[in-house]
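Colleague: One structure is given below, represented as structure tokens, and several questions about it will come after.
Laboratory data are not the source of any read-out in this text; all were calculated from the coordinates shown. Bear in mind that the values here come from a model prediction, so they are computed numbers and not experimental data. Please note: Cβ atoms are built from the backbone with ideal geometry, for glycine as well, and neighbour counts cover all protein chains shown.
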Amino acid sequence: MISRAHKIPEYIYEKSNIVRLILWTATFALVFINIYKPFSSSNWYSVSEFKFFLFSSLIILTGVLVVVLSRIVMYYWGRRHGITYVGYTFWIFMEIMLMALFYTIYTSILNPEREYMDVFRESVINTSLVLLLPYAVLHLYFSYKEKEGQIQQLKDYQAEMAGRQNVYTFYDEKNELRLSVKRTNLLYLESADNYVCIWYLNKGSLTKFMLRNSLKGLEESLVDTNILRCHRSFMVNFDQVKVVRREKEGVFLELDMDHVPDIPISKTYSERVIHWFMTSSG
């Protein structure tokens, strides 16, 4: 199996990018051959510039069929097996060789007096320019667009995470949304048989919402938030905790809200909760 680190990026053989590459390469080849007259193309036809453009365009587009067929094969092969950087380099090399062979045969037919190897050598050089220049430009463009997309995805993810951290959502045991509470308004959760009491501030007043779910289920959904389990029956929003108090009866949390009872910390959770409070508060 090919290591992911050795594979070329998948965007190289995406359908849309393959179409762009073929169209861009064909356009570049048309401009290149009509301006610089490579492949001894100036000796192909004794016609006007306009007719030369028409005839040479047909020949160039025929040669570009090599790229079309090559990229179709690459699309299906790449999706199934992946392509290494070494394999992709060889793939391009074969495209150059096959297209150069096509132009060599065509030039030799029209100019049989020319040495075949000289024509092939010249065709390889010109074909390399016809393919490698647009390939290089497009691959830089593809890489830029890919990085731009990754940056946008990262921004979207960060915005989503920020949104999740600012609003806590609560689902019942059937995974139906029942309550959304702003981070600054949520106080604590309290287990009550088959329900969880969610205590929060609503217009400055202490409010309770009964949610049919387990505290363990909510604990799993609130991983990586500031709501921590501190007792078999309690989870607390540590944004609201102002004091951790140790007494003979045990350790308690005081919330930054009047008329809210102190929340006990059981021995099972005390070390983790106190460590979190000491290192994350402030």
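Colleague: Answer rounded, prolate or oblate for the range 208-282, using the Cα gyration tensor with square roots of eigenvalues a ≥ b ≥ c: rounded when a/c is under 1.5, else prolate when a/b is larger than b/c, else oblate.
Modeller: Working: a/c = 1.44, a/b = 1.30, b/c = 1.10.
Verdict is rounded for the range 208-282.
Colleague: Further question on the same structure: Do any of 208/248; 182/267; 216/248; 182/203; 216/242; 182/208 go past 19 Å between their Cα atoms, and which? Display every interim value, and only then the final one.
Modeller: Working: 208/248 30 Å; 182/267 30 Å; 216/248 28 Å; 182/203 12 Å; 216/242 25 Å; 182/208 14 Å.
Beyond 19 Å between Cα atoms: 208/248; 182/267; 216/248; 216/242.
Colleague: To continue, here is another question. Restricting to lysine pairs 8 or more places apart or on different chains, what number in the range 4-161 have Cα atoms under 25 Å apart? Display every interim value, and only then the final one.
Modeller: Details: 7/15; 7/145; 7/147; 15/145; 15/147; 37/51; 145/155; 147/155.
Number of lysine pairs found: 8.
Colleague: Please give, to one decimal in nm, the separation of the simple spin-label points placed at residue 31 and residue 145, each 7 Å out from Cα toward the Cβ.
Modeller: 1.8
Colleague: Going by how many other beta carbons lie within 10 Å of each one, how would you line up 210, 278, 97, fewest first? Walk me through the intermediate numbers first.
Modeller: Values: 210 13, 278 10, 97 16.
Exposure proxy ranking, most exposed first: 278, 210, 97.
Colleague: Right, next: How large is the dipole of the range 140-282 about the Cα centre if only Lys and Arg carry +1 and Asp and Glu carry -1, each at its Cβ, rounded to the nearest 20 debye? Let's see the in-between values first.
Modeller: On the way: 20 positive and 20 negative charges, 12 e Å.
It works out to roughly 60 debye.
Colleague: Now for a different question. Could you give the dipole magnitude of the range 4-161 about its Cα centre, charging the beta-carbon of Lys and Arg +1 and that of Asp and Glu -1, in debye to the nearest 20?
Modeller: 320
Colleague: Taking Cα atoms, how many degrees apart are the long axis of helix 85-110 and the longest axis of the chain, rounded to 10 and kept between 0 and 90?
Modeller: Taking the Cα atoms of the chain, the angle to 85-110 is about 20 degrees.
Colleague: How far is helix 15-36 tilted, in degrees, relative to the longest principal axis of the Cα atoms in the chain, given as a value from 0 to 90 rounded to the nearest 10?
Modeller: 30
Colleague: Just going by the charge dipole of the range 4-161, with Lys and Arg at +1 and Asp and Glu at -1 on Cβ, which of 6, 93, 124 is farthest out on the positive end?
Modeller: Positive-most Cα among the choices belongs to 6.
Colleague: Taking Rh as the Kirkwood radius computed over C-alpha pairs, what is the Stokes-Einstein D of the range 81-180 at 10 °C in a medium of viscosity 1.306 mPa s, expressed in µm² per second?
Modeller: Details: Rh = 18.6 Å.
My calculation gives 85 µm²/s for D.
Colleague: While we're on this one: Starting with the fewest neighbours, write out 156, 239, 262, 193 ranked by other beta-carbon atoms found within 10 Å of each beta-carbon.
Modeller: Numbers: 156 10, 239 16, 262 13, 193 7.
Going from sparsest to densest Cβ surroundings: 193, 156, 262, 239.
Colleague: Based on the Kirkwood radius over alpha-carbon pairs, what value in µm²/s does the Stokes-Einstein equation return for the translational diffusion coefficient of the range 4-161 at 20 °C and 1.002 mPa s?
Modeller: Values: Rh = 17.3 Å.
Estimated diffusion coefficient is 124 µm²/s.
Colleague: Just going by the charge dipole of the chain, with Lys and Arg at +1 and Asp and Glu at -1 on Cβ, which of 65, 53, 110 is farthest out on the positive end?
Modeller: Sorting the options by dipole projection puts first 65.
Colleague: Normalised by the empirical 2.2 N^0.38 Å for globular proteins, what value does the Cα Rg of the chain take? It would help to have the intermediate numbers written out before the result.
Modeller: On the way: Rg = 34.4 Å, N = 282, 2.2 N^0.38 = 18.8 Å.
My calculation over the Cα atoms of the chain gives 1.83.
Colleague: Using the crude model of +1 on Lys and Arg Cβ and -1 on Asp and Glu Cβ, and no other charge, please compute the dipole size for the chain relative to its Cα centre, in debye to 20.
Modeller: On the way: 31 positive and 28 negative charges, 39 e Å.
Computed about the Cα centre, the dipole is about 180 debye.
Colleague: According to a simple spin-label model (label point 7 Å from Cα along Cα-to-Cβ), what is the distance in nm between residue 93 and residue 73?
Modeller: 1.5
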